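J.: Attaching a single structure in structure tokens format; questions to follow.
The values are calculated or read from the model by the stated rules, or taken from the named source; none is laboratory data. The shown structure was predicted, so the numbers you read here are calculated from the model rather than taken from an experiment. In this analysis, Cβ positions are derived from the backbone assuming ideal geometry, glycine residues included, and neighbour counts consider all displayed protein chains. Surface accessibility is based on the protein's heavy atoms, side chains included, excluding ligands, DNA and RNA. Shrake-Rupley method; radii C 1.70, N 1.55, O 1.52, S 1.80 Å.
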Amino acid sequence: MEKIKKVGVRLAGMVRSSMQLRMGLIFFALVLLVVIFAPSLAPFDPYDLGDDLLVPPGTNGHWLGTTNMGQDVLSMIIYGSRASLAIGIVSALISGVIGTLLGAFAGFYGGKVDKVVSEIINIFLMIPTFFLILIIVALFGSSMINVMLVIGLTSWPSNARMMRVQAMSIKERTFVKSAISMGETKRQVLFKYIIPNGLFPIIANTTMGVAKAILTEASLSFLGLGDPNVISWGQMIYEGKQYLATGWWMSTFAGLFIMLIVMIFYMIGDGLNFALNPKMKKI
Amino acid sequence: MPDAVKAPVIKAVGVKRYYKQRGGSLLSFGRKPRMIQAVDGVDFELYEGEIFGVIGESGCGKSTLGRLLIRLEEPSEGDIYFRGESSKALMKKDPKKFHRMVQAVFQNPFDTFTPNDTIGEIMMRPLRLHGIGKSDEERRAMCEKALEDGGLKPAADFLGRFPHELSGGQLQRISILRSMLLEPLFLVADEPVSMLDVSVRAEIIHMLQDLCASRRTAIMLISHDIAVVRYVSQRVAVMYLGRIVEMGDTDTIIQNPMHPYTQALISNCSSIDPDEDKQAIEIQGEPPSPINPGPGCYFANRCFKACEKCFKSYPPMRTMKDGRVVSCHFATGDE
Ligand SMILES: Nc1ncnc2c1ncn2[C@@H]1O[C@H](COP(=O)(O)OP(=O)(O)O)[C@@H](O)[C@H]1O
Ligand code: SF4
Ligand SMILES: [Mg+2]
């Protein structure tokens, strides 16, 4: 109970200290409402092929127009928020968990473990990740699960590098020495003392990671490597691309919403970083 | 030494700890890394219910010795025996049991506890780790009693608080109480009061003293403050550059120090100097680095008594008539 209260107090303090974080969270709450209540908010079934083909915004109750197949763009955008958010969050989580574990292992155990993990991190940071993603998706197919996995599995090194430094500094703290001298095993020290105390910067970075993952998914879709069976904003841009001249609304609105959601996650991530900065905390 | 007949709780034999020098320039590339001799061959014994003081300038290896005793680090050479059992073997056989026997109180109470846990969780954790108490309720009751006995009332209130809500003195008490919950054989307190407000230092030292007396725990009190050590410890060791230069009954050594380094330390400590008129002996120069201190007496370049011999060979440890040991060419034991 006390713990929940304490985390709450800390979060409240962070939210108060950063305007950006506050705005980001408010917008994120709005997006979440859209995601949850998509069926009641959408005026049409986004998969329904209507008779109005490629009509401009405002025609026959289609606020944002229709596609060449007659689907309602607004409804597609509302439903598409689910796919974009799911891909963003799941792949950022994968990347956060892998990065945290590997970074913490390397930083805490040091020595050979650290050498090997650092080498892997460097290799991943050197190779052009997007091309790697392209190749993997081209080889293994572009289902939503694959896209999530591939983005998660290629974006963890920045988290790992951060957590490694955290672990290296936290393991020198007195409370870690005191935990060891009390009889905690190395694994208990790692999971009970090192990781929980070093996690906040990784949370901030992972939030930014959501924005990056959403952009990566959009880029993949734009190149025709998204999941064709799922309505996502990236997929909408891809399909509307060839109708830019005759039906600009097909991809433009999806593009705007991608920009918006990316900005929201950057605001939260950047706001968290700001609130975590020890120099700022004292003020 | 009233307990001399008993077997020692701790016996350190030729304990050394070397570190590779950190950093080093590009020019030293390919050369063998130089070694820092943080602890350079230390022998001593510690008895039940005894407070053993360790004094010396900062950097002389006191904290390193403390870390070796609680096995946060392994000695490069030598071994430490607990009730006759090698700590190396104990750690291999049952590290948990070893850690229960040997506890530590650290210099910085503000950093001793993980900031995310309540005092209740922090204190109950070692009990749970070592399977003490049948249920969490029982463990909580044990912690409450320990806090009450330690003067932290109301205990239930303290159990719900977080470390950052308490003062340094309160945190250091909790650190001591938590260690004592495990009923250890031995406790290292590394500068336990140096970061605390002067007004609470005495309380903490009293607490250690009481626990030592009532539980018969052997305590090693590391400090650079001779006044503290003299006040509570029965025996004291003076360290210089990783070695013990003089060791014996605290009163004997403080009243009549024989090693020039001890003499200098004591004469520089105004509150102690028994002979008020005497001029403080100045220690000239910086302490030499613990990297290759040379063949002679490590203290030779700062010693006011140094002669030619001192630069040639390290003085052997000699036992004096009053039972103390001194390592100085001028302390022959004939006086
Ligand atoms: N982990 C380490 N790596 C390298 N050198 C160290 C390390 N720990 C201590 N030292 C060196 O060992 C010597 C003794 O340090 P320490 O035991 O902390 O002294 P004290 O506690 O008496 O001030 C110092 O010269 C210090 O620089
Ligand atoms: S051996 Fe020589 S240099 Fe060393 S303490 Fe004694 S007199 Fe001084
Ligand atoms: Mg020290």
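J.: Report P(r) for the stretch B:150-213: all Cα-Cα distances, bin width 5 Å, range 0 to the bin holding the largest distance, values in whole percent.
T.: Bins of 5 Å from zero give 3, 15, 30, 25, 18, 8, 0 percent of pairs.
J.: Residue B:16: which lysines have alpha carbons under 21 Å from its alpha carbon, excluding same-chain residues fewer than 8 sequence positions away?
T.: List returned: A:177, B:32, B:62, B:88, B:92.
J.: Scan around residue B:39 for amide H atoms under 5 Å from its own, H built in the peptide plane at 1.01 Å from N, and keep only partners 5 or more places away or cross-chain.
T.: Excluding prolines and chain starts, which carry no amide H, the hits are B:17.
J.: A further question follows. Reachable lysines from residue B:134, Cα under 19 Å, same-chain residues fewer than 8 places away excluded?
T.: B:96, B:97, B:145
J.: For the stretch B:76-192, how big is Rg over Rh, using alpha carbon atoms and the Kirkwood form of Rh?
T.: The Rg/Rh ratio comes out at 1.01.
J.: Here's something else I'd like to know. Normalise the Debye intensity by I(0) for the stretch B:126-166, one equal point scatterer per Cα, no solvent, then take log10 at q = 0.14, 0.22, 0.29 Å⁻¹ and round to two decimals.
T.: Reported log10 I(q)/I(0), two decimals: -0.33, -0.75, -1.00.
J.: Mean 1/r over all different Cα pairs, inverted: what Kirkwood radius does the protein assembly as shown give, in Å?
T.: Radius from the Kirkwood sum: 29.1 Å.
J.: Listed highest first by mean packing, meaning other Cβ atoms within 10 Å per residue, what order do A:74-86, B:202-214 come in?
T.: Output ranking for A:74-86, B:202-214: A:74-86, B:202-214.
J.: Sorted by average packing, counted as other Cβ atoms within 10 angstrom per residue and highest first, what order do B:304-317, B:158-171 take?
T.: Put in order of decreasing packing, that is B:158-171, B:304-317.
J.: State, as an integer percentage, the relative contact order of chain B based on alpha-carbon contacts under 8 Å between residues 6 or more apart.
T.: 20 percent
J.: Mean shadow of the stretch A:44-197, computed from the convex hull of its alpha carbons, in nm²?
T.: Reported value for the Cα convex hull: 12.9 nm².
J.: Quick query: amide H of residue A:66 versus all other amide H atoms, modeled in the peptide plane; which residues come in under 5 Å with a sequence gap of 5 or more or a different chain?
T.: Residues meeting the amide H criterion: A:54, A:55, A:73.
J.: Span-like helices, chain B: DSSP H, alpha-carbon axial extent 18 Å or more, mean Kyte-Doolittle -1.0 or greater, which ones?
T.: The answer, listed by residue number, is B:168-181, B:198-215.
J.: For the stretch B:61-123, treating each Cα as an identical point scatterer without solvent, what Debye log10 I(q)/I(0) comes out at q = 0.14, 0.16, 0.19, 0.22 1/Å?
T.: -0.51, -0.64, -0.82, -0.97
J.: Right, next: Using the Kirkwood radius over Cα pairs, work out the Stokes-Einstein diffusion coefficient for chain B at 25 °C and 0.890 mPa s, in µm²/s as a whole number.
T.: 115 µm²/s
J.: Let me ask you something else. Leaving ligands, DNA and RNA out of it, rank A:182, B:258, A:259 by accessible area with a 1.4 Å probe, largest first.
T.: A:259, B:258, A:182
J.: For chain A, what is the relative contact order in percent, using Cα pairs closer than 8 Å and at least 6 residues apart in sequence?
T.: 25 percent
J.: For a quick check of understanding: with a 1.4 angstrom probe and all protein chains in place, what accessible area in square angstrom does residue B:173 have, to the nearest ten?
T.: About 40 Å², ignoring ligands and nucleic acids.
J.: What average count of beta carbons from other chains do you get within 10 Å of the Cβ of residues in A:168-181?
T.: Shielding by partners across A:168-181 averages 6.
J.: Once amide H atoms are built 1.01 Å from N in the peptide plane, which residues 5 or more positions from residue B:54, or in another chain, come under 5 Å H to H?
T.: Close amide H contacts, sequence-distant or interchain: B:221, B:222, B:223, B:237.
J.: For chain A, what are Rg and Dmax over the alpha carbons, in angstrom?
T.: Rg then Dmax for chain A, in Å: 22.0, 74.
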